[in-house]
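What follows is a set of notes on a single structure, which appears directly below.
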Amino acid sequence: MCIRDRPSIYAKSLIKALKANKSLARLDMTNSKILHDSGIAIAAALRVNTTLKYLDLSENDIKSKAAQAIAEALQTNKTLVKLNLGQNSIEDWEQIGKMLRLNKSIRLLNLNKNSVKPEGAKIICEGLKFNRTLTMLNLLYCELKDEGIKDIARVLETNTSLLYLNIGHNNIRKEGGKAIGKALKKNKKLRVLSASDNIIEAEGASAIGAALKINNSLTKLDLSFNSIGNKGAEAIFEGLKINAGLASLSLEDNGISLIGFISETLEVNRSLKELSLIHISEPTRPLYISYAVFCLKKKKKKK
């Protein structure tokens, strides 16, 4: 659906239809060139619609005013479960933070590739402190940096609903990595954490490795492209000697050498089923082993 050419006419017809409709459960308007009027129209419809469960408004260059109107409407909406606002131009997060505090139905929220920044992260986190329903949050490419991640980490320490969190490509450095590690020591709910394409280095990875000795709820962890090196990787694998919950680990392109601590851990670990070590190098040779992916498949023991 493209509503770029005559937004006011489409907006009026859209709001009328969604207000009257009693059966539509999924509406996908990805890359539909939604303008201000149509965004406001969707917000108005969400105030009265009682059937829509999935709404995808990604890749629409939605600006803050329309996004704020949609978020304000969702503060009282009781049926929407999944909301995708990824790849838009949202910069004002006040109403979205309030939505997270008041809404009791949304389980999945995608905000990837929006200009959240540390200031927006703080507002979102204020809402998350009171939220007990959101299970999946995507903050990929949101310019969070260490400052924003520290706020998110503090929320993770007490959050009891989030199962999936993507904070990849956010220029997170070692201080942010340490904050994540601290949060994982206390969090007992998160199952999947993707923090790829950051720069947490060995110090950040060491904090996460220490958390793995305590945390047994996390089942999937992606730390690819983080410059953790051998020291950081060794800390991760040291944690996995004790960890009994992690089933999937990705450490691609981290400047790791194929040395003893990896094999030592694999001999004793009983939970890991998938391990990706793409572009790992052997200590005796400078050349990289391309696509050296190790997948561990556990065979069920015969009773």
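The values are calculated or read from the model by the stated rules, or taken from the named source; none is laboratory data. Note that this is a predicted model, so its numbers are computed, not measured. Please note: Cβ atoms are built from the backbone with ideal geometry, for glycine as well, and neighbour counts cover all protein chains shown. Keep in mind that these areas ignore ligands, DNA and RNA; they rest on the heavy atoms of the full protein, side chains included. Shrake-Rupley method; radii C 1.70, N 1.55, O 1.52, S 1.80 Å.
Things to note:
- Solvent exposure ordering (accessible area, 1.4 Å, most first) of THR219, THR76, THR51: THR76, THR219, THR51
- As a calculated quantity, the FRET efficiency between LEU108 and LYS213 at R0 = 41 Å, using C-beta atoms, amounts to about 0.85.
- When only Cα pairs below 8 angstrom with a gap of at least 6 residues are kept, segment 127-190 shows a relative contact order of 43 percent.
- Positive minus negative residues near GLU203 (Lys, Arg vs Asp, Glu; Cβ under 10 Å): +2
- Entry comment: accessible area of the chain is 48 Å² per residue, from protein heavy atoms only and a probe of 1.4 Å.
- Beta bridges assigned by DSSP with both partners in the chain are antiparallel in approximately 15 percent of cases.
- Heavy-atom accessible area for GLU119, with the other protein chains in place and a 1.4 Å probe, reaches approximately 120 Å².
- Amide H contacts for ASP61 (H built 1.01 Å from N in the peptide plane; partners 5 or more residues away or on another chain; cut-off under 5 Å): SER89.
- Per-pair calculated FRET efficiency, R0 = 51 Å: THR133 and ILE259 via Cβ, rounded to 0.05: 0.70
- Relative contact order, percent, the chain [alpha-carbon distance under 8 Å, six or more residues apart]: 9
- Only protein heavy atoms count here; on that basis, with a 1.4 Å probe, TYR54 has an accessible area of about 50 Å².
- Annotation: extensible slack from SER13 through GLU147 equals 43.9 nm (criterion: 0.36 nm per residue apart, minus Cα-Cα distance).
- 3J(HN,Hα) along segment 136-145: 9, 9, 10, 10, 5, 6, 10, 6, 6, 6 Hz, from the Karplus curve 6.51 cos²θ - 1.76 cosθ + 1.60 with θ = phi - 60°, whole Hz, x for Gly and Pro.
- Over the chain: helical MRE at 222 nm, DSSP H runs n ≥ 4 each giving -39500 (n - 2.57), nearest 500: -11500 deg cm²/dmol
- Taking all Cα pairs closer than 8 Å and separated by 6 or more residues, the relative contact order of segment 82-127 comes to 57 percent.
- Segment 250-260 - phi-based ³J(HN,Hα) in whole Hz, Karplus 6.51/-1.76/1.60, Gly and Pro as x: 10, 10, 4, 6, 10, x, 9, 9, 7, 10, x
- Ordering of 128-137, 86-95, 202-211 by packing is 202-211, 86-95, 128-137, highest average first (other Cβ atoms within 10 Å, averaged per residue).
- Amide N proximity, segment 236-273 versus LYS185 label position 7 Å along Cα-to-Cβ, cut-off under 20 Å: 236-246
- At R0 = 30 Å, FRET efficiency that the Cβ-Cβ distance of ASN171 and SER23 yields, to 0.05: 0.10
- Count Lys and Arg as plus one, Asp and Glu as minus one, and take only other residues whose Cβ is under 11 Å from that of GLU252; the net charge is then -3.
- In order along segment 33-49, the Karplus-derived 3J(HN,Hα) couplings, from 6.51 cos²θ - 1.76 cosθ + 1.60 at θ = phi - 60°, round to 6, 5, 9, 4, 4, 6, x, 5, 5, 4, 4, 4, 5, 5, 5, 10, 5 Hz, and Gly and Pro are given as x.
- Accessible surface of segment 78-228 [probe 1.4 Å, protein heavy atoms]: carbon and sulfur percent: 50
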